[in-house]
Every structure is written in structure tokens, then in C-alpha cells.
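Notes follow once the structure below has been shown.
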Amino acid sequence: MAMRIDSHQHFWQFNPADYGWMKPDWSIRRDFLPTNLEPELRVCNLDGCVAVQARQSLEESRWLLELSNGASIIRGVVGWVDLRSPNVAKELEEFADHPKFVGVRHVVQDEPDDQFMLREDFQRGIAVLRRFGLTYDLLIFPRQLPAGIALAQKFPEQPFVLDHLAKPPIKDGALSPWGEQIRELAKLPNVACKVSGMVTEAVWQNWRADDFKPYLDVVFEAFGPDRLMFGSDWPVCLLAGSYERVFGLVQNYVSQFGTDTEAKFFGANAARFYGLT
């Protein structure tokens, strides 16, 4: 039976200094640990998760791996290293031997330069990932998609996965130019996509399933059944809906494609992409 995986969620022990991106009135300004996630996974019949970095520090990467040692639900960790550093290979050596360290992410969406990923120092770091068999999570806004396409084209042997559909403007109902750029990105066989983070791009307390259908239609047509994976973006998703509601939203959509596609989407694709065991 295929492993069932939430490919994208976060853990943290909250303090304001480390999580400045959280606004003062957000309800997620508290600790979220594996014991909080486990019952949510159980209700949705999921076996485990991929824990993704939420702050850019080597300290957090170490903490997530330590957390994974005592939590069987954590099947993989996507951490952070400074890909721009001349010492990036040394930083990766510290983590790469850990069986649950599966990939790296940088919060590119917060970089003011839309061409950040095409900088020579960043690309030098991307080039090192393949030596360690690591994936890369693309966290970008739609305006950064052209740079994401160019990066993935330049490194055809490097596995990339797009987080949160590149955060399309669901609240506004706009599809262009996001849709055209997603189709362009999906032409590259080394790129997969996480169906995650959608509800927080909609009107938080007033969204309906129909709001997401045009965006889901685009990514399912563009990436097909073998390169899409479910991600909750928990606990960030709680700003706009419960874990179970977020899961049900995509489960209802994916059910139209049959049980084989469901099995791939809810685990097999993530397990293959990240090399989960």
C-alpha cells in the first residue's frame, strides 16, 4: 500500500524575534510540534509528513532533524543552508548524512530582487545540491516565475518542486499571466508542484471550493498525475481553515481522477520525489 504523505508543513517553538513574518493578530503565534500534527494526520488517514523550514537558519535545520529523530511521522526534512555562501558544501555535509534530510529551501518570495535565483552565487549553491542528492523547493510569487523557469532550465538534472502553486492571486480571481507561466514551468520534466498554501491566498474566512477550481484545473492539466503532491501548509493554513477542511477541499477535487491518481497525489509522488522511506 502506498505511503500517504503531507508533503508540506511546518513546526516551530514560537518567539516573536524568530518569526517576524507573523502578524501580531495571527492565531498561529504559538508552538506547533509533532504531537499537535499527529491527530490531524490520523483523521485524514495520512502516514507522515515532510517538515519544511520556516526561518532561515542552520540552527532551525538542526532542530528539525533533532525533532525528526523522536517523531516517526516526520518522514523528511526540507531545511535551509545559505546557498550563496562559499562554504555551502561544508554546510550541506553536516546535514546530508541524516537519512531524513531530503532537500533545501530559501524564502525567495521575500527577496526584493525578482532575479535573485539567477544570481551567480545562488546558482553556484544550486549546483552543489545534486552532489548530495538533494531536492530544492521553489518558494516564489507569480512575478518570480520567469526566474524560476530559467533556473529549472539551467539545471535540468536538479529536482525542483514548486511550493503553493507560486501563490496565484486567488482572492482576485486572476489567472493570467500565472496560468501561462505555470504551463511553461510544467514543460520541464525536473519540476514537480505542491498543491498547498491555496486557502491563505483566498479570502480567509469566506472562501468556497469553487474559488480554487480554475487554479487546480491549470496545475492538474499542466503537471499531470505524476508530478503533483498534497501539502497542507499546516499550521499556516489554520489562518483560513482547519486541517481537515483543507484536506477535504483537495480530496474532493482529486477524487474525479480515480484511485490511482489519488494514491500518487496523496503520497506516492512525494515519496518518490523526496526519496522517503
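The values are calculated or read from the model by the stated rules, or taken from the named source; none is laboratory data. Only a predicted model underlies this, so the values are computations on that prediction, with no experimental measurement involved. Neighbour counts run over all protein chains shown; Cβ positions are idealised from the backbone, glycine included.
All but one of (1) touching a residue at least 40 places away in the same chain (Cβ under 8 Å); (2) over 19 Å from Leu239 (Cβ atoms) hold for Phe11; state the number of the condition that does not hold.
In the conditions (1) touching a residue at least 40 places away in the same chain (Cβ under 8 Å); (2) over 19 Å from Leu239 (Cβ atoms), Phe11 misses (2) alone.
What are the residue pairs meeting all of these: first residue in the range 253-277, first residue among the small types (Gly, Ala, Ser), second residue not in a loop (DSSP other than H, G, I, E, B), Cβ atoms under 7 Å, and 6 or more apart or on different chains?
From the range 253-277, the pairs are Ser255/Glu262; Gly267/Ile5; Ala270/Ile5; Ala270/Ser7; Ala270/Val50; Ala270/Met229; Ala271/Ile5; Gly275/Val102.
Across the range 20-54, what is the total count of residues that are in contact (Cβ under 8 Å) with a residue 12 or more places away in the chain, surrounded by fewer than 16 Cβ atoms within 10 Å (Cβ to Cβ) and over 18 Å from Gly70 (Cα atoms)?
So the count comes out to 7.
Are any residues in the range 23-40 of a type outside the set (S, T, N, Q), assigned to a loop (DSSP other than H, G, I, E, B) and touching a helix residue (DSSP H, G or I) at 6+ places or on another chain (Cβ under 8 Å), and if so, which ones? Outline the logic, then answer.
Of the residues in the range 23-40, the ones of a type outside the set (S, T, N, Q) are 23-26, 28-34, 37-40.
Of the ones still in play, those that are also assigned to a loop (DSSP other than H, G, I, E, B) are 23-26, 28-31, 33.
Trp26, Ile28, Leu33, listed by residue number.
Only one residue in Val246, Val203, Val219 is closer than 16 Å to Cys49 by Cβ, modelled with pLDDT of 95 or more and β-branched (Val, Ile, Thr), so which one is that?
Values: Val203 fails: closer than 16 Å to Cys49 by Cβ; Val219 fails: closer than 16 Å to Cys49 by Cβ.
None of the others qualify; the one that does is Val246.
Taking Glu66, is it closer than 17 Å to Asp137 by Cβ, of a type in the set (Asp, Glu) and outside any loop (DSSP other than H, G, I, E, B)?
Working: closer than 17 Å to Asp137 by Cβ: no; of a type in the set (Asp, Glu): yes; outside any loop (DSSP other than H, G, I, E, B): yes.
No; evaluated as a whole, the condition is false for this residue.
I'd like to check something: does the range 101-111 contain any residue that is more than 28 Å from Pro169 (Cβ to Cβ) and basic (Lys, Arg)?
Taking the range 101-111 and keeping what is more than 28 Å from Pro169 (Cβ to Cβ), we get 101-102.
Still in the running and basic (Lys, Arg): none.
No, there is no match, as no residue in the range 101-111 is more than 28 Å from Pro169 (Cβ to Cβ) and basic (Lys, Arg).
Is at least one residue of the range 95-104 of a type outside the set (Phe, Trp, Tyr) and at pLDDT below 95? Before the answer, list the steps.
Of all residues in the range 95-104, those of a type outside the set (Phe, Trp, Tyr) come to 96-100, 102-104.
Remaining after also requiring at pLDDT below 95: 96-97.
For the range 95-104, residues of a type outside the set (Phe, Trp, Tyr) and at pLDDT below 95: present.
Quick one: in the range 1-19, of everything that is of a type outside the set (A, V, I, L, M, F, W, C) and surrounded by 15 or more Cβ atoms within 10 Å (Cβ to Cβ), which residue is nearest to the chain's Cα centre (by Cα)?
Of the residues in the range 1-19, the ones of a type outside the set (A, V, I, L, M, F, W, C) are 4, 6-10, 13, 15-16, 18-19.
From what is left, the residues that are surrounded by 15 or more Cβ atoms within 10 Å (Cβ to Cβ) are 4, 6-10, 18-19.
Values: Arg4: 16, Asp6: 10, Ser7: 7, His8: 5, Gln9: 8, His10: 10, Asp18: 20, Tyr19: 18 Å.
Only one residue fits best here, namely His8.
Just to be sure before I move on: is Glu93 within 16 Å of Leu134 (Cα to Cα) and either surrounded by 21 or more Cβ atoms within 10 Å (Cβ to Cβ) or among the charged types (D, E, K, R) (or both) in the structure I sent? Lay out the reasoning, then the answer.
Values: within 16 Å of Leu134 (Cα to Cα): yes; either surrounded by 21 or more Cβ atoms within 10 Å (Cβ to Cβ) or among the charged types (D, E, K, R) (or both): yes.
The answer is yes for Glu93.
Could you go through the range 175-186 and let me know if any residue there is under 23 Å from Val236 (Cα atoms) and hydrophobic (A, V, I, L, M, F, W, C). It would help to see each step written out before you state the result.
Step one: filter the range 175-186 for residues under 23 Å from Val236 (Cα atoms), giving 178.
Those left that are additionally hydrophobic (A, V, I, L, M, F, W, C): 178.
There is at least one residue in the range 175-186 that is under 23 Å from Val236 (Cα atoms) and hydrophobic (A, V, I, L, M, F, W, C).
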